[in-house]
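Please treat every number below as a calculation from the coordinates, not as lab data. Computed from a prediction, not measured in an experiment: that's the story for all the values here. In this analysis, Cβ positions are derived from the backbone assuming ideal geometry, glycine residues included, and neighbour counts consider all displayed protein chains.
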2 protein chains.
Amino acid sequence: MSYTLYHGDALARLRTLPDASIDAVIADEPYSSGGTSSRERISRSPRDKYQTSGTERTYPTFYGEHRDQRSFGYWCALWLAECLRIAQPGAPICVFSDWRQLPTATDALQAGGWRWQGIVPWNKPSARPHLGRFTNQCEYVIWGSNGPLGERPGIGVLPGLITVPVVARDKFHLTGKPIAVMEQLVRICAPGGTILDPFMGSGSTGVAALKHGYRFIGIEQSAEYIAIAQERLEDALQNP
Amino acid sequence: MSYTLYHGDALARLRTLPDASIDAVIADEPYSSGGTSSRERISRSPRDKYQTSGTERTYPTFYGEHRDQRSFGYWCALWLAECLRIAQPGAPICVFSDWRQLPTATDALQAGGWRWQGIVPWNKPSARPHLGRFTNQCEYVIWGSNGPLGERPGIGVLPGLITVPVVARDKFHLTGKPIAVMEQLVRICAPGGTILDPFMGSGSTGVAALKHGYRFIGIEQSAEYIAIAQERLEDALQNP
DNA sequence: CCTTGCGATGAATCCATAT
DNA sequence: GATATGGATTCATCGCAAG
């Protein structure tokens with residue numbers, strides 16, 4: 001078990017990594033979603049868009065929430081293609097999306113050269129209900145592979161739905177994912193393999209990876225989050 | 001409570017229905033999905049595509065499983081646009097999709113003039129597992145509205161995820177949906193309103209609609225399924 | 001009436017074999 | 001070489017029969 005962190009822009013950093021050096025990719029990119037018009041999406045800060053007004057808990061701000069839907073798709077295709085180059089043949093990939101960006105994200109995954117294999121909804125039972133409407137209760141993990149998946153020894157049957165409530169105690173980033181969610185996702189990687197997260201944030205993917213015997217490579221643009229992630233990863237190594 | 005059934009092609013029949021005469025649309029169109037290549041999708045029968053080899057249980061076959069992805073999208077946009085004309089302003093719509101056609105279906109919904117409002121996964125705990133992969137365990141309900149939804153009196157909070165196993169007792173069609181699923185979906189309709197299902201099949205939408213005090217209009221191309229649906233709807237009226 | 005057990009099923013997917 | 005066909009596989013859940 002070990003990890004490597006890179007500080008910098010995801011796309012620029014990915015270009016420096018060698019071919020076929022990674023066994024799985026797990027990415028939680030900024031969705032550039034929220035808001036029904038493209039103007040609403042790009043003019044407000046993440047905190048204004050995604051937090052209920054009056055919420056007291058705050059997080060350091062983060063980059064990349066400024067793209068409209070078309071450029072979000074192109075940008076995703078770019079970093080996804082770069083990830084493909086870095087990935088072993090047959091390597092799996094998991095990409096998060098909300099419902100609004102899901103069609104764009106599946107297009108981008110395939111445009112980047114990946115074979116789309118399916119969708120795993122993440123069910124958040126703690127979501128805020130809405131009168132007269134279906135509650136918006138799920139985010140989505142789009143998964144795929146670099147060519148055919150092939151034989152996958154040592155990996156059992158993986159879930160088709162992940163139900164984990166969002167708990168503030170777990171969150172070190174506004175869009176941080178619970179460790180329990182990431183623990184389900186890392187299992188798609190061949191045992192002992194190396195997992196890459198190009199948008200590491202506070203490092204939840206890495207914590208889950210180290211906990212289950214994978215190696216981890218993370219990229220993050222914000223020095224503030226690099227520091228938070230490093231602390232959490234060290235802690236995961238000391239207290240397995 | 002009452003119902004009307006039409007025997008014929010959905011698109012042709014929809015064109016004969018009057019403007020703004022419907023309060024909600026619930027559609028479970030043939031997905032033309034399944035299989036890894038376009039050839040597999042369009043050349044194989046629904047039974048070959050969707051049932052495990054060796055399964056003894058059979059259903060009458062059904063129409064419309066022959067389209068490739070592009071024509072599926074165009075065709076959906078056509079019948080969705082016709083449904084929009086027939087629907088009241090603010091009327092909701094629910095359209096089923098599997099994971100593979102989901103991006104095409106959301107595009108078609110919007111191309112047809114509907115406002116896309118969200119996705120409700122239908123979680124099937126009894127899904128077929130696959131070693132080394134995430135289980136393909138959900139189908140998806142894409143929902144939207146004819147313009148803004150507006151005030152929706154008499155409708156409570158609706159679920160954001162529907163977990164109901166597939167039960168043979170409930171199934172009269174290879175792709176038939178459990179009544180419990182349809183009972184959740186019909187609630188999106190204004191109380192006492194008229195629900196249209198342009199691809200009725202064995203009539204599960206209608207059974208749920210009548211059971212909860214809605215009126216129902218169904219269209220179905222197969223005489224065999226019209227007969228099955230009529231029997232089930234009569235039964236629903238006699239034994240509420 | 002409750003518990004246990006066995007068999008069947010699923011809007012699949014992959015791959016080998018045949019045409 | 002391209003296209004078509006068929007078999008093996010996986011397990012949570014349900015239905016029914018037996019205890």
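Can you compute the radius of gyration and Dmax for the stretch B:48-146, using only the Cα atoms, both in Å?
Cα-based Rg and Dmax for the stretch B:48-146 come out at 15.8, 48 Å.
Based on DSSP loop calls and a cut-off of at most 15 other Cβ atoms within 10 Å, the longest stretch of chain B free of exposed GluC sites (Glu not before Pro) is what?
Details: sites that count: B:Glu56, B:Glu151.
Longest gap between qualifying sites, sites excluded: B:57-150.
Pick from A:Thr106, A:Thr135, A:Thr16: which residue has the top mean-square fluctuation in a GNM of chain A where Cα pairs under 10 Å get a spring?
In this elastic network of chain A, the residue with the biggest mean-square fluctuation among A:Thr106, A:Thr135, A:Thr16 is A:Thr135.
For A:Glu234, place a label point 7 Å from Cα along the Cα-to-Cβ direction in every copy; what are the distances to the other copies, in nm, shortest first?
Result, one decimal in nm: 7.8.
What is the spread of the Cα atoms of the stretch A:3-238 along each of their three principal axes, largest first, in whole Å?
On the principal axes, the stretch A:3-238 reaches 47, 39, 35 Å in Cα extent.
Explain nothing, just the number: relative contact order of chain B, from Cα pairs under 8 Å at least 6 residues apart, as a whole percent.
Computed over chain B, the figure is 27 percent.
From zero up to wherever the largest Cα-Cα distance of the stretch A:60-109 sits, split into 10 Å bins and tell me the percent of pairs in each.
23, 50, 25, 3
Suppose every K and R has +1 on its Cβ and every D and E has -1 on its Cβ; what is the size of the dipole of the stretch B:3-238 about the Cα centre, in Debye to the nearest 20? Can you show the working numbers first?
On the way: 24 positive and 23 negative charges, 112 e Å.
Computed charge dipole of the stretch B:3-238: roughly 540 debye.
Just the C-alpha atoms of the stretch B:1-85: what Rg/Rh do they give, with Rh taken as the Kirkwood radius? Could you put the intermediate results ahead of the total?
On the way: Rg = 15.7 Å, Rh = 15.1 Å.
For the stretch B:1-85, the value is 1.04.
Please check: in the Gaussian network model of chain B (C-alpha springs, under 10 Å), which one of B:Ala127, B:Ala87, B:Ala208 has the largest mean-square fluctuation.
Among B:Ala127, B:Ala87, B:Ala208, the largest mean-square fluctuation in the Gaussian network model of chain B belongs to B:Ala127.
In the stretch A:101-171, if every C-alpha pair distance is counted and binned at 10 Å from zero, what percent goes to each bin?
Taking every Cα pair in the stretch A:101-171, the percentages come to 16, 36, 32, 15, 2.
Just flag the trypsin sites (Lys or Arg not before Pro) in the stretch B:20-65 sitting in loop per DSSP whose Cβ has no more than 10 other Cβ atoms within 10 Å.
Hits after loop and neighbour filter: B:Arg57.
Would you kindly work out, in nm and rounded to one decimal, the distances from the label point of A:Gly64 to those of the same position in each other copy, ordered shortest first, with label points 7 Å along Cα-to-Cβ?
Reported distances to equivalent positions: 4.0 nm.
Tell me the Kirkwood hydrodynamic radius of the stretch A:135-240 in angstroms, computed as one over the mean inverse distance between distinct C-alpha pairs. The partial results should precede the final answer.
On the way: mean 1/r = 0.0673 Å⁻¹.
Answer for the stretch A:135-240: a Kirkwood hydrodynamic radius of 14.9 Å.
Within 10 Å of each Cβ of A:99-112, how many other protein chain Cβ atoms are there on average?
3
Taking each pair of distinct Cα atoms in the protein assembly as shown once, what is the resulting Kirkwood hydrodynamic radius in Å?
23.6 Å is the Kirkwood radius here.
If you take every DSSP beta bridge fully contained in the protein assembly as shown, what fraction is antiparallel? Give it as a percent rounded to 5.
Just about 45 percent of them are antiparallel.
Kindly give the distances from A:Gly8 to its copy-mates, label point to label point, with each label point 7 Å from Cα along Cα→Cβ, as nm values to one decimal ordered shortest first.
6.6
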